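Colleague: Once you've had a glance at the structure underneath, I'll fire off some questions.
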Amino acid sequence: MSQLLRDQFIKEMGEDLDESTGLGLLMGDAWKPVFHQKKTDSRRVEKTSFVWPAVVGETEEGGALNRLTVKHGFSSFVVPKTYTGEIKISHEFMRDNKFPEVKEKAFGLGLAFSRNRYKLACDILVNGFSSVTSPDSVSLFNAAHVLSANNSATDSNIAASHAPLTTDAFDTCMADMMTTLDENGEVYPTPINKIRIICVPQNLRQALQIAGSTYEPETMNNAINVYSGAYGKYSIEVVCLPLLFGQAPSTWRATQWYVQLPELHGLEFYEREAIETWQVSDQNSLSVLYQGLDAFGFLIRDWRFMFGSKGNA
């Protein structure tokens, strides 16, 4: 049996290990549509929101133009964190030509990096009812978001008071989304046509029926499902995230659901460095270390146009 020296191994296996790692990285991209993807070179990423004038002012004929003031509103920031991973390829593996096993371990390293992003993205949603806060210092999904003024319209983005996913609960969520208030306490005129439902595997069937069935899935009287696209007004994308099931408390892990406007929601993912891998020699042994590095962060810019339900009412 031929043997590879460590230097030969590093030279000849580099591309194969990178390819195997890359295949592992492709296994966890389902969460990506839920976040706006952005690049950053900064250690600290900051976003500032402003209180815009609700309407323009009327000017009398011959009079001076009315001047409108834009006030500073909320600010938010994220510090991208660095994540590292490593597998150890022993000299015995190289000596015995265990190349398929080595490539499998490299695949596992890529899968670990991919799963880390996926898991943290799902944590944003699950913990959005408690520890994950929006720039107004309350949780991302909250019944009492802070506004400079208030009226009877919607300043809560908890979908249908934590009701399970039904056409009626989704309909209530849509109405609330269209009457969401801005910082002036005025209804924000929201153009709703594209919608995203985020769910777990246990209510994926229900979500797909709301998105595509001609009739409402809960009724026996053939009630028309106006959200199915039959009227040409709505286009609903369903995103199923299995890791949401594992992250949530047992009382609502199988019934949680979220609704999002793809263009207007305030969830952002900042990638500071694309995942990078390399091989180095272990100074204390004949082994080879295959290492990886990732740096990214999540930012909550705004709570509006993102509704969540634990589904356990």
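Quick note: the coordinates plus some simple rules give every number you see, no bench work behind them. From a predicted model like this one, the values you see are computed outputs, not experimental measurements. With ideal geometry, Cβ positions are generated from the backbone for all residues, glycine too; neighbour counts draw on all protein chains shown.
Colleague: Taking Kirkwood radius over Cα pairs in Å straight from the coordinates, which label in (1) 19.7; (2) 22.5; (3) 20.9 is the correct one?
Modeller: Here Kirkwood radius over Cα pairs in Å agrees with entry (2).
Colleague: What is the distance in Å between the Cα centres of the stretch 112-167 and the stretch 18-83?
Modeller: For the stretch 112-167 versus the stretch 18-83, the Cα centre distance is 17 Å.
Colleague: Assign unit charges at the C-beta atoms only (+1 for Lys and Arg, -1 for Asp and Glu), then state the dipole size of the stretch 53-96 relative to its Cα centre in Debye, rounded to the nearest 20.
Modeller: Computed charge dipole of the stretch 53-96: roughly 280 debye.
Colleague: Now for a separate question. Bin all alpha-carbon pair distances of the stretch 167-313 at 5 Å intervals from 0 and give each bin's fraction as a whole percent.
Modeller: For the stretch 167-313, the pair-distance distribution reads 2, 8, 13, 16, 16, 13, 9, 6, 5, 4, 3, 2, 2, 1, 0.
Colleague: Using the Kirkwood radius over C-alpha pairs as Rh, can you work out the diffusion coefficient of the stretch 91-196 via Stokes-Einstein at 20 °C, viscosity 1.002 mPa s, in µm² per second?
Modeller: 123
Colleague: Calculate the spin-label point distance for Glu263 paired with Tyr83, positioning each point 7 Å from the Cα along the beta-carbon direction, and give it in nanometres.
Modeller: 3.2
Colleague: Same structure, new question: Can you give the calculated 222 nm mean residue ellipticity of the chain, where each DSSP H run of n ≥ 4 adds -39,500 (n - 2.57) and the sum is split over every residue, rounded to the nearest 500 deg cm²/dmol?
Modeller: Using -39500 (n - 2.57) per qualifying helix, the result is -8000 deg cm²/dmol.
Colleague: Based on alpha-carbon atoms only, what is the radius of gyration of the stretch 20-172 relative to the globular estimate 2.2 N^0.38 Å?
Modeller: Computed over Cα atoms of the stretch 20-172, the ratio equals 1.66.
Colleague: Let's test this: bin the Cα-Cα distances of the stretch 14-88 at 10 Å from zero up to the farthest pair and state each bin's percent.
Modeller: Whole-percent P(r) values from 0 Å outward: 12, 23, 24, 15, 12, 8, 5, 2.
Colleague: What's the ranking of 22-31, 216-225 by average number of surrounding C-beta atoms within 10 Å, highest first?
Modeller: Final packing ranking: 22-31, 216-225.
Colleague: Okay, next question. When a footprinting reagent is the concern and you count Cβ atoms within 10 Å, what order do Asp182, Asp41, Asp282 take, fewest first?
Modeller: Ranking Asp182, Asp41, Asp282 by Cβ neighbours within 10 Å, fewest first, gives Asp41, Asp282, Asp182.
Colleague: Whose amide H sits under 5 Å from the amide H of Gly266, counting only residues 5 or more places off or on another chain, with H placed in the peptide plane?
Modeller: Here Asp302 satisfy the definition.
Colleague: Next up: Using the count of nearby Cβ atoms within 10 Å as a rough guide to exposure, how do Arg253, Arg117 rank from fewest to most?
Modeller: Starting with the residue having the fewest Cβ neighbours, the order is Arg253, Arg117.
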